[in-house]
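Since every read-out is calculated from the coordinates, none of them should be taken as a lab result. None of these values were measured; they are calculated from a predicted model. Here Cβ is always computed from backbone atoms with ideal geometry, including for glycine, and neighbour counts include all displayed protein chains.
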Amino acid sequence: MTSATTLRITRRAADRLRSGHLWVYRTDLESQQSSSALEPGSLVTLIDSREIPLGTALYSSASQIAARLISRTPALTRAQYLADLRTRIDRALELRRQLVPITTSTNAHRLIFSEADNLPGIVADRYNDLVLLQLLTQGTAQDDVRVVLIAALTAAFAHERSSLTIWERPDPRIRELEQLPAPAPGPLFTTTLDSIAPDGLSFRTESQRDTDQAAPTTTTFALNGLRFHYDAASGQKTGAFLDQRLNYAAAANAVAASGRTARALDICTYQGGFALHLAQVCAHVTGVDASHSALEAADRNLLLNPSITSDVEWMEADAFDYLRHLDETARKSSTADNLFDAIVLDPPAFAKSKRAAEGALRGYKELNLRALRLLTPGGTLITNSCSHHVSLAEFTDIVTSAAVDAGRRVQLLSTHAAAPDHPEILTLPETRYLKCLILRAD
């Protein structure tokens, strides 16, 4: 019989865990079992239909992901979980020191990537001297987890002899799904007010955080030698797409190598990541986004880089409407004045669920079809998808279909994924989400 600290799951779910996955969906719980006695965020032992233990998980009373496996050891205590947590955090930070060492040209990266670092429900991004922390589950949005994280992060920054401020900024949508309370507005830690203590005792209480007004919320960070502004109070959970860091550079290199560098177009530019990198090699760059605030941030980022002398303009517009207008105008014209030597497509995730994948593919098809029509012969297309429900094969097929319909012969120059500070786990397809194709169109 199951107890108040166990969850019995279906055979399908048990097989998925044994194959290396970490999630148990609410539909995977045995129908005859009640989980109402479990405390939100508690540690539970998962058992299969034969009552064979599979390991320990963090339980959520609200999310469709009812449990996230944290250990193959059953009946793990909270103290054991926290000890494992510190070891895994230290391992994740060491991996970043190896893969993305802090330099004057790049001092921002993802420090912790949830399941990809065997730390379900925890994400941390670094922007120079600011760290943005997301605690995304009922089991991790707890003060004991915050203490462990602060101890590990302060120890790492003490080794660098660098200043540090840690802000907790959960994703609003996930917070709603997990029914998490909003964090106190002040920082978890800041060297402007606290001393770095490797034992983690510098954790600021909720009342201290609520009244603290002195900690920095803004910084300037570097990616590939370019400077960007970050504001922890802006309401955005991140200030840049750090996962695109290497793809920004690869895009600029491919366009420079093409020799066609007159005009570039960056669709869904957000805060100008691709646009500013292309402006290093192109004479004129247009960045397009539907968000006025994002374009304001992009313009601030442009001003931070006076070495960029190209003509850069920002356009507030819907991506589909704007490309449709350009496509129709170009097809009515007999000149190449409305064409571009390089086009970037970097839309937000179209498919947030499996059911949305079909519609997402139609959206990708339209964007890529119109972009290919707008490319000069020999022009470069950099096309991206961050929908993990759309596989690399599916995305490549839809771009291929767009090339056929556009009547263009297209060469695939290179295929890219997220930067290595966003590692992929082979048994977790959800970590394999970003696809970037760099193409040359005849």
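Given that just one value was derived from the coordinates, which of [x] 29.4; [y] 21.7; [z] 20.2 is mean projected area of the Cα convex hull in nm²? Checked against the structure: label [y]. GNM on the chain, alpha-carbon springs under 10 angstrom: the most fluctuating residue among Ala141, Ala75, Ala356 is Ala356. Residue farthest toward the positive end of the dipole of the chain, with Cβ of Lys/Arg at +1 and Asp/Glu at -1: which of Leu246, Ser291, Thr103? Of Leu246, Ser291, Thr103, it is Leu246. Dipole magnitude for the chain: computed about the Cα centre from +1 point charges on Lys and Arg Cβ and -1 point charges on Asp and Glu Cβ, it is near 1060 debye. Under the classification rounded if a/c is under 1.5, otherwise prolate if a/b is larger than b/c and oblate if not, where does segment 79-224 fall, given a ≥ b ≥ c as square roots of the Cα gyration tensor eigenvalues? Since a/c stays below 1.5, the shape of segment 79-224 is classed as rounded. In terms of its C-alpha gyration tensor, segment 295-442 has an oblate overall shape, because the principal axis ratio a/c (a ≥ b ≥ c, square roots of the eigenvalues) is not below 1.5 and a/b does not outweigh b/c. Ranking of Asp421, Asp90 by neighbouring Cβ atoms within 10 Å, starting from the fewest: Asp90, Asp421. Between the helical axis of 392-406 and the longest alpha-carbon principal axis of the chain there is an angle of about 20 degrees.
Taking the longest Cα principal axis of the chain as reference, the axis of helix 78-99 is set at about 30 degrees.
FRET efficiency for the Glu358 to Leu177 pair, using the beta carbon distance and R₀ = 25 Å, is estimated at 0.60. Extending 7 Å from the Cα toward the beta-carbon at both Ala283 and Ala233 defines two label points whose distance is 4.4 nm. Please build a GNM for the chain, connecting alpha carbons under 10 Å apart, and tell me which residue among Ala402, Ala215, Ala158 fluctuates the most. Top of the fluctuation ranking is Ala158.
If I take R0 = 25 Å and measure r between the Cβ atoms of Ala349 and Ala257 in this structure, what FRET efficiency does the formula 1/(1 + (r/R0)^6) give, to the nearest 0.05? List each step's numbers first, then the result.
Values: r = 30 Å, r/R0 = 1.19.
Efficiency computed from Cβ-Cβ geometry: 0.25.
With both labels modelled 7 Å from their Cα along Cα-to-Cβ, the Ala317 to Glu160 distance reads 4.0 nm.
Each Cα pair under 8 Å and six or more residues apart adds its separation to the average, and for the chain the resulting relative contact order is 11 percent. Taking label positions 7 Å along the Cα-Cβ direction at both Leu303 and Ser71, the computed distance is 5.2 nm, reported to one decimal. The Cβ shell under 13 Å around Leu302 holds other residues with a net charge of -3, Lys and Arg each +1, Asp and Glu each -1.
Let's test the formula: R0 of 25 Å, r as the Cβ-Cβ distance of Arg409 and Asn338. What FRET efficiency results, to the nearest 0.05?
Rounded to the nearest 0.05, the efficiency is 0.75.
With springs connecting C-alpha atoms under 10 Å apart, model the chain as a Gaussian network and identify which of Ser114, Ser49, Ser401 has the largest mean-square fluctuation. Between Ser114, Ser49, Ser401, it is Ser49 that shows the largest mean-square fluctuation.
Estimated from helical segments only, the mean residue ellipticity of the chain at 222 nm is -10000 deg cm²/dmol, where each DSSP H run of four or more residues counts as -39500 (n - 2.57). Let a ≥ b ≥ c be the square roots of the eigenvalues of the Cα gyration tensor of segment 6-76; is it rounded (a/c under 1.5), or, if not, prolate (a/b larger than b/c) or oblate? Rounded, since a/c falls under 1.5.
Against the main long axis of the alpha-carbon atoms of the chain, helix 245-258 sits at an angle near 20°. Each part reduced to its alpha carbon centroid, segment 304-331 and segment 102-152 end up 35 Å apart.
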